[in-house]
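Heads up, the thing below is written out as structure tokens.
No value in this document is a laboratory result; all are computed from the given coordinates. Quick caveat, the model's predicted, so the values are computed rather than measured. As a convention, Cβ positions derive from the backbone with ideal geometry for all residues, glycine included, and neighbour counts pool all protein chains shown.
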Amino acid sequence: MRTAGLVAGGVALALLAQGAAAEVTKVQEKGLKPYEIVDGHTIPKPLTDKPGDPKRGAKLVVTRKKGNCLACHKIQQLNDFPFHGNIGPELTDVASNLTEGEMRLRLVNPKVVNPDTIMPAFYRTEGLHRVMKKFQGKPVLTDQEIEDIIAFLKTLKASQ
Amino acid sequence: MFRKRYRMGGIALSALGTLVMAGVFTLGAGGASACEECKGKYEVDGKKSGYLYSTPATQAIQDDDFTNPGFLWVERGRQLWAKKEGEANKSCKDCHGEPEKLRGVFPTYPKFDPKTKKLINIEQRINRCRTEQMKAKAWKWESDELLSMTTLVGYVSRGMPVNVKVDGPAKPFFEKGKAFYFQRRGQLDMACKHCHIDFPGQYIRADLLSEGRAGGAFPLYRLKWQKLGSLHRRFRGCNKQVRAKPYKAGSDEYVNLELYVKWRSNGLPVEVPAVRR
């Protein structure tokens, strides 16, 4: 089940496939851990040393004031929780479609993949406009929370 | 049966997901209207009022003047209309006669105001009559009084098409409002257009996104507020939900934004007092 937004993602990937040597972009935003984007489509290295916890990840995906991924994505494995939005593609089988590094870039800053996306960047403090005072200088999710969510996303396979 | 509702909703059939959701949320996606005859008028030139994205239950509350709680504000507006106030000891009625005399005014605001050389919206126009003609104090934004009078002035134009002008001296203000609509903001970094141009007809969690063409609907009674509220209150809410600093109701930024939002609604009927979730 793929939506229009995905087509845009597909185009970006196709363009990148034409390049040859790996291109590494280092990013360091105020108050956040530095990370490396490889070939414009993946962040292969985890943001923290501690492995992500998929249970905590699932909770963050559901929680409105945290990831609230269900606002836009349907995830059948979380059907016990009501009201899955349908703005983004369904994530029920996301682990079959994306690598861990691709998922990490999606969460950290999806605008790298699709500049016009509605999806928030969950690990950014710069380049934002009129952020409410209590959220200024803070990312939506911490580095560990990103890793927890990725650990959960890695369990999402339709066949299981 | 839900296919019919779906077609009438006229939502872009972009994703199979939408279809699935329409099945889950049997509260029609802007489809089966509580009032079959009134449905047609809420879609003009492919533009759809938020009415068509409301559930039949919410539509039914709006359609019946006796159950529509917004009418309490219309009635209160009528009382205030005849009340003499201020140093001039005048009422609205002394200058304008019956409120129905103002039919046709509401759909044209905001408009360029030669006096201040910027836009003036309907709330501000009402307050100008108070301060200049009645020599009374301006009503506070979102006060019961200002909401009631704005609702009454909107109500007497019910059914008329929204018709704001965006050329001539209004143009630069329109352009500012448009820029606001496309500017990402807040920690969640979204612009108005991301929700209301890119994804109307789709669900964001439990909310069905409308096209945000609310020019003919506000002030409206919102079930969530348990109260009637202004368009600028809605702007503040939409700003806050993306964790952006809102502007003040009545600020130049919001009046410019209002002109853009109302222009997007040009042609749709005034439906004050509308009812939404």
>> Compute the helix-to-body angle for B:252-264: its Cα long axis versus the longest principal axis of chain B, expressed 0 to 90° and rounded to tens.
In response: 50
> Hey, in the GNM for chain B with a 10 angstrom Cα cutoff, which one of B:232, B:194, B:96 fluctuates hardest?
Replying inline: B:96
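Once the other residues with Cβ under 14 Å from the Cβ of residue B:168 are scored (Lys, Arg +1; Asp, Glu -1), what is the net sum? Display every interim value, and only then the final one.
Values: positive: B:111, B:117, B:118, B:165, B:171; negative: B:113, B:167, B:175.
Cβ neighbours under 14 Å give a net charge of +2.
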> Taking every residue in B:197-207, how many Cβ atoms of other protein chains lie within 10 Å of its Cβ, on average?
Replying inline: 5
> Non-local amide H neighbours of residue A:90 (under 5 Å, H modeled in plane, Pro and chain starts lacking H): which ones?
Replying inline: A:74
> Picking from B:256, B:150, B:200, whose Cα lies most toward the positive end of the charge dipole for chain B (charges on Cβ: Lys, Arg +1; Asp, Glu -1)?
Replying inline: B:256
> Ordered by residue, what ³J(HN,Hα) values in Hz, to whole numbers, does segment A:72-78 give under the Karplus form 6.51 cos²θ - 1.76 cosθ + 1.60, where θ = phi - 60° and Gly and Pro are x?
Replying inline: 10, 10, 8, 9, 4, 5, 10
>> Counting only GluC sites (Glu not before Pro) that sit in a DSSP loop (anything but H, G, I, E, B) with at most 12 other Cβ atoms within 10 Å, what is the longest stretch of chain A containing none of them?
In response: A:24-125
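Between residue B:41 and residue B:145, what's the calculated FRET efficiency when r is the beta-carbon distance and R0 is 30 Å? Round to 0.05.
Details: r = 31 Å, r/R0 = 1.02.
Efficiency, rounded to the nearest 0.05: 0.45.
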> Which percentage, to the nearest 5, of the DSSP beta bridges contained in chain B is antiparallel?
Replying inline: 80
> Taking the Cβ of residue A:71 as the center, what net charge do the other residues with Cβ under 12 Å away carry, scoring Lys and Arg +1 and Asp and Glu -1?
Replying inline: +4
>> Just want the ordering: B:210, A:96, B:251, B:54, from fewest to most Cβ atoms lying within 10 Å of their own Cβ.
In response: A:96, B:251, B:210, B:54
> Hey, got a sec? Which chymotrypsin sites (Phe, Trp or Tyr not before Pro) in segment B:174-277 land in a DSSP loop and have at most 13 other Cβ atoms within 10 Å?
Replying inline: B:225
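Count neighbours as other Cβ atoms within 10 Å of each site's Cβ, and list the GluC sites (Glu not before Pro) in segment B:68-156 that are DSSP loop with at most 11 such neighbours.
Working: sites: B:75, B:85, B:87, B:100, B:123, B:132, B:142, B:145; in loops: B:87, B:142.
Those that pass, being in a loop and sparsely packed, are B:87.
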> Ranked by Cβ crowding within 10 angstrom, fewest neighbours first, how are A:103, B:160, B:149 ordered?
Replying inline: B:160, A:103, B:149
>> Charges at C-beta only: +1 for Lys and Arg, -1 for Asp and Glu. How large is the resulting dipole of the protein assembly as shown about its Cα centre, in Debye rounded to 20?
In response: 1140
> In straight Cα distance, which aspartates and glutamates are under 14 Å from residue A:55, not counting same-chain residues fewer than 8 positions off?
Replying inline: A:145, A:147, A:148
